[in-house]
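Have a look at the structure below before the remarks.
The values are calculated or read from the model by the stated rules, or taken from the named source; none is laboratory data. Here the structure is a predicted model, which is why all the values come from computation and not from measurement. Note: ideal-geometry Cβ built from the backbone for every residue, glycine included; neighbour counts use all protein chains shown.
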Amino acid sequence: MFSFTVRLFCVLLLLTIVSLENTPAQSESPNVPRDWRTHAEKTDYRETPTYDETIAFARRLDEASTLIRLDEFGKSGEGRALPLVVAAKGGTMSPEAARKASKSVVLIQACIHAGETDGKDAGLALLRDIAITKTRESLLDHVVLLFIPIYNTDGHERRSPFNRINQNGPAEMGWRANATNLNLNRDYLKADAPETRAWLKLWNEWQPDLFIDCHVTDGADFRYNVTYQFEQHDNVAPSVAAWSRDAFDRRIMPAAESYGSLISPYMEFRDNRDPSKGIDSFVSTPRFATGYVPLVRNRPGLLIETHMIKEHRSRVRGTYDILRAALEEVNRDPESLIRAGRLADEQTVEAGRTYDPARRVTLSVKLTDKSSEKLLKGWEYRTELSDVSGAVRVVWGTKPLDMNVPYYTAASPSVSVAPPLYYVIPPQWKEVIEVLAAHGVRMQRLSAPATLDVESYRFHDVKAEAASRGAFASFEGRVLVSFRSEAVHEKRAYPAGSVVVSMAQATSRVALHLLEPDAPDSFVVWGFFDPIFEQKEYGEDYVLEKLAREMLSKDANLRREFERRVADDPKFAASAGQRLQFFYERSPYWDRQMNLYPVGRIITPLKVRLSNY
């Protein structure tokens, strides 16, 4: 252990020296009293504070300034308070007061991956510069700032110098997942974790205008100390996408670079061993924080990803630069940000009042083969055959190398749907209904049983998806489901108490992404409806043999279909069970509700009595 620790220290020291030599000079917080330095600053960025030390610093800010209030917005799985720092001027420390004063509400979140601490250390320094040194006090002129210094509190306290092998400091850091080993940044739509439920409650109360999530990246090496990403394709409301492109690309990032950081859009190399093959931009889904906010809540969301190999100081100060620049931009024109979200909500509600089969809402996009050219500020590198792994490995050098590489950012819709007027959900699917309620989706109930004309889906080729890593199939506590969906249209009886979800509400995109099975993070994909895929009644072979012969004697078309299947499908022909199942599934005894989606889409106005949920 000792020899490994020494070797690891030497490697990180070398990386730090290289990083220091090749990172632009960054500004530090000015005029900081000695007793108001953050823990990171006191230790020359070698360390990051513990949970208790973080809370203690935030409490000191609260006690020292009327601009700061330390609060909590819920409890973790292990019972820790989830801290929230509210920073505001003029008594606007409540959602009602902020809206009344026309303040923009900005929510900044750190440590969702608790080992990625840069946002926490940057945010504490920024709050100190707002409230104590007053050098950034103007950032609250038109903004109410909500700061979550540690979202994954339980993972944060699972501290170790060995938690993030890719990351260059601090000396100890937290664990990626929460206490039940869930990655909270995959949980925003399915909302399994108590932290997620608490976050959703916070969002519904405050309804922020802008969300920023702070991370540290993994991946290839390059000279940038910070990268960023935001959703801007067809799956985002036009007003939100337009504001995001204009603010993030044209003003916030250039301003942050002028403060001393080297910044690039987030990059996923097509081949980490050969950057010349090109770079993909990242396309999010609502399972991610910065996918959830713009895709289903109609608000801009910014992902900050500092570069893992840069030294901790550079990463923290780079995060600080972007947070500062973002708040400066919102203060410059708060109304345009508020207007972008408000317009998206209004258009969402209005669109939900009518059904138009030609109006499609994009639920998922995929990158196309269309590329532009990007100047990549990287390092010299070489490749060699590894005698350890047996694969080709890349060896990064320390000499800067600029290269023009293909850059893939264009995307086209891969899943789209014409939204109905309503969804109807049978009352027995309680977990589904509870998750919708946690997201703030407004619902009503059928006051009496009703037979309704609905569209729905029948599923085919249903499979549990294999795990991407390792042999265990579970992903984030669930087994994902793949399938083909076939549209069906029929009359169905729904019992009293069935839940009705109107699309004429601002949260209708939440309902679309959860209730449309083909959406990437739907209830069906995440396994909430798995019981519908289970066969419960069976026929004995001797009974099915007799049934099959009777069916063959009465139906010439069925006989031809069976004979073709035997001739064309050797596996089917060799399986007695499949051959008998063929007839069982086509008989009156077969369960017609198996593989049938219980949720109905209603595309005509409802003429039934509804009660409040």
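A compact table of results
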read-out: Where residue 419 falls short, out of the listed (1) outside any loop (DSSP other than H, G, I, E, B); (2) more than 26 Å from residue 222 (Cβ to Cβ); (3) touching an Asp or Glu at 6+ places or on another chain (Cβ under 9 Å); value: (1)
read-out: Residue within the range 215-234 that is of a type in the set (Phe, Trp, Tyr), touching a Gly at 6+ places or on another chain (Cβ under 8 Å) and either crowded, with 19+ Cβ neighbours inside 10 Å or at pLDDT 95 or above (or both) present; value: yes
read-out: Residue within the range 75-86 that is closer than 20 Å to residue 331 by Cβ and either at pLDDT 95 or above or among the polar types (S, T, N, Q) (or both) present; value: yes
read-out: Residue in the range 364-382 that is assigned to a loop (DSSP other than H, G, I, E, B), modelled with pLDDT of 95 or more and under 24 Å from residue 299 (Cβ atoms) present; value: no
read-out: Failed criterion for residue 28 (all others in (1) surrounded by 15 or more Cβ atoms within 10 Å (Cβ to Cβ); (2) outside any helix (DSSP H, G or I) hold); value: (1)
read-out: Within the range 582-595, considering residues that are touching a Phe, Trp or Tyr at 6+ places or on another chain (Cβ under 8 Å) and either part of a loop (DSSP other than H, G, I, E, B) or touching a residue at least 40 places away in the same chain (Cβ under 8 Å) (or both), the one surrounded by the fewest Cβ atoms within 10 Å (Cβ to Cβ); value: 590
read-out: Residue in the range 554-574 that is surrounded by the most Cβ atoms within 10 Å (Cβ to Cβ), counting only those that are closer than 15 Å to residue 587 by Cβ and touching a residue at least 12 places away in the same chain (Cβ under 8 Å); value: 562
read-out: Residue count, the range 335-366 (criterion: crowded, with 20+ Cβ neighbours inside 10 Å and either within 30 Å of residue 30 (Cα to Cα) or basic (Lys, Arg) (or both)); value: 1
read-out: Matching entry among 242, 237, 247 (being closer than 16 Å to residue 322 by Cβ and of a type in the set (A, V, I, L, M)); value: 247
read-out: Candidates 154, 118, 129 - the one that is more than 25 Å from the chain's Cα centre (by Cα) and modelled with pLDDT of 95 or more; value: 129
read-out: Within the range 47-68, considering residues that are surrounded by 16 or more Cβ atoms within 10 Å (Cβ to Cβ) and not in a helix (DSSP H, G or I), the one farthest from the chain's Cα centre (by Cα); value: 65
read-out: Out of 261, 239, sole residue that is outside the structural domain of residue 522 (by TED's automatic domain parsing), surrounded by 21 or more Cβ atoms within 10 Å (Cβ to Cβ) and of a type in the set (Ser, Thr, Tyr); value: 261
read-out: Strands (runs of 3 or more DSSP E) lying entirely in the range 69-188 (those with 2 or more residues that are of a type outside the set (A, V, I, L, M)); value: 104-109
read-out: Selected residue [surrounded by 14 or more Cβ atoms within 10 Å (Cβ to Cβ), of a type in the set (Val, Ile, Thr) and over 26 Å from residue 203 (Cα atoms)] from 451, 409, 398; value: 409
read-out: Complete set of residues in the range 485-525 that are within 22 Å of the chain's Cα centre (by Cα), part of a loop (DSSP other than H, G, I, E, B) and among the hydrophobic types (A, V, I, L, M, F, W, C); value: 506, 519, 523, 524, 525
read-out: Filter pass, residue 538 being within 46 Å of the chain's Cα centre (by Cα), exposed (fewer than 14 other Cβ atoms within 10 Å of the Cβ) and among the hydroxyl-bearing types (Ser, Thr, Tyr); value: yes
read-out: Residues satisfying the stated conditions in the range 473-502, i.e. buried (at least 16 other Cβ atoms within 10 Å of the Cβ) and out of contact with any strand residue (DSSP E or B) (no Cβ under 7 Å at 6 or more places or on another chain); value: 475, 476, 477, 478, 480
read-out: Positions within the range 192-229 being in contact with a helix residue (DSSP H, G or I) (Cβ under 9 Å, 6 or more places away or on another chain) and in a helix (DSSP H, G or I), in sequence order; value: 195, 196, 197, 199, 200, 201, 203, 204, 205, 206
read-out: Residues of the range 158-176 that turn out to be under 29 Å from residue 439 (Cβ atoms) and touching a helix residue (DSSP H, G or I) at 6+ places or on another chain (Cβ under 6 Å), as a count; value: 2
